[in-house]
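Undergrad: Quick one: this structure, given as structure tokens, is what I'll be asking you about.
The values are calculated or read from the model by the stated rules, or taken from the named source; none is laboratory data. The structure presented is a predicted model; accordingly, all values stated were derived computationally and were not measured. Quick reminder, even Gly has a Cβ in these numbers, built from the backbone with ideal geometry, and neighbours come from all protein chains shown. Quick note on the areas: whole protein, heavy atoms, side chains included, nothing else; ligands and nucleic acids left out. Shrake-Rupley method; radii C 1.70, N 1.55, O 1.52, S 1.80 Å.
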Amino acid sequence: MDVLMQAGTAVPVVVLAAAVLHAVWNALAHAMPNKLAGFTLINLAFVGVSVIWVCFTPLPDSAAWPFIAASAALQVAYQTLLLQAYRLGDFGQMYPVARGVAPMLVAVLSVSVLGQELSAPELTGILVISAGLVALALADGLPDRTQLPALMAALGTGVMIASYTIVDGTGVRRSDSVFGYIAWSFLLQGMLFCAGAFALGRRGLSSRLRGAPIRGLTGGMLSLTAYALVVWAQDHGDLASIAALRETSIVIAALLGTVFFRERLGSRRLAASATVVVGIAVLQLAHA
């Protein structure tokens, strides 16, 4: 009983730590002078860890492999769009937009595609998230043509997050090995991204990888650590509360953008980011 109580007490701390790590690894990716090299280093870290990880986890059931392949492809698309969003836009604006779209879209798809009913709290959460996203997009006034590509990339990132969330939620239930599913997903996405990056960058990419290897590899390790912490928390705590609490990374990212990238935070961006977090919390707690 004491062990269970200690685990329950530790869950919020662990989830908040994961939220900080998630925001930090994204900040590291944004800070890389060459975004393609940065994301390639992150994926090299995925490959290095996952090669060892798959040796110590059961092989997923055959029914899960189509989902693992689909998840890896969607993860590569997600990273590609996120890379583009960070290349074109402010970190403190792109990160909240990308993170905020996903839970809202999952809720909408569950109604329109899966035929689930939308409760009043869920509808409230969707509307609050929508208001926060619109406020973020308009925080600096109406976006002009130069800002639209960054916003579209961030929105596309959110679509990919929602897509692989649905795929993984289905596939992991068929795997008979949660950690085996995760390990192979990270391994395949890392290999696919690196293969594509080297094909596109060719000789020039190798020299850029030597520019800041520690920063990129650290970003990959932080990403894996954040994911592992969330998986542990999900095994010991309430899923809806965990999902809501981890989205505090949106506000953390807004603060990181101001402190490290000297982006203008302003009351509008901060209020909009907080609104998205509140909407996600309402949406996730409605599922409790």
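Undergrad: Can you tell me the accessible area per residue over region 33-128, all protein chains present, probe 1.4 angstrom, in square angstrom? Show your work: numbers first, answer last.
TA: Numbers: 4090 Å² over 96 residues.
For region 33-128, the per-residue accessible area is 43 Å².
Undergrad: Next question. How high is the FRET efficiency from Ala274 to Thr146, r the C-beta distance, R0 22 Å, rounded to 0.05?
TA: Numbers: r = 27 Å, r/R0 = 1.23.
It comes to 0.25.
Undergrad: What's the carbon and sulfur percent of region 34-125's accessible surface, probe 1.4 angstrom, rounded to a whole number? Walk me through the intermediate numbers first.
TA: On the way: 2660 of 3810 Å².
It is 70 percent, rounded to a whole number.
Undergrad: Using protein chains only and a probe of 1.4 angstrom, how many square angstrom of Leu88 are accessible, to the nearest 10?
TA: 80
Undergrad: With a probe of 1.4 Å, find how much accessible area region 249-288 has per residue, and write the answer as a whole number in Å².
TA: Values: 2050 Å² over 40 residues.
It amounts to 51 Å² per residue over region 249-288.
Undergrad: Where in region 70-99 does the amide nitrogen come within less than 20 Å of the point 7 Å from the Cα of Thr57, taken along Cα to Cβ?
TA: Correct set: 70-79.
Undergrad: Still on this structure, please answer the following. If you average over every viewing direction, what projected area does the convex hull of the Cα atoms of region 5-61 give, in nm²?
TA: Values: hull surface 24.4 nm².
Projected over every direction and averaged, the Cα hull of region 5-61 covers 6.1 nm².
Undergrad: When Rg is the radius of gyration of the Cα atoms in region 1-98 and Rh is its Kirkwood radius, what does Rg/Rh come to?
TA: 1.06
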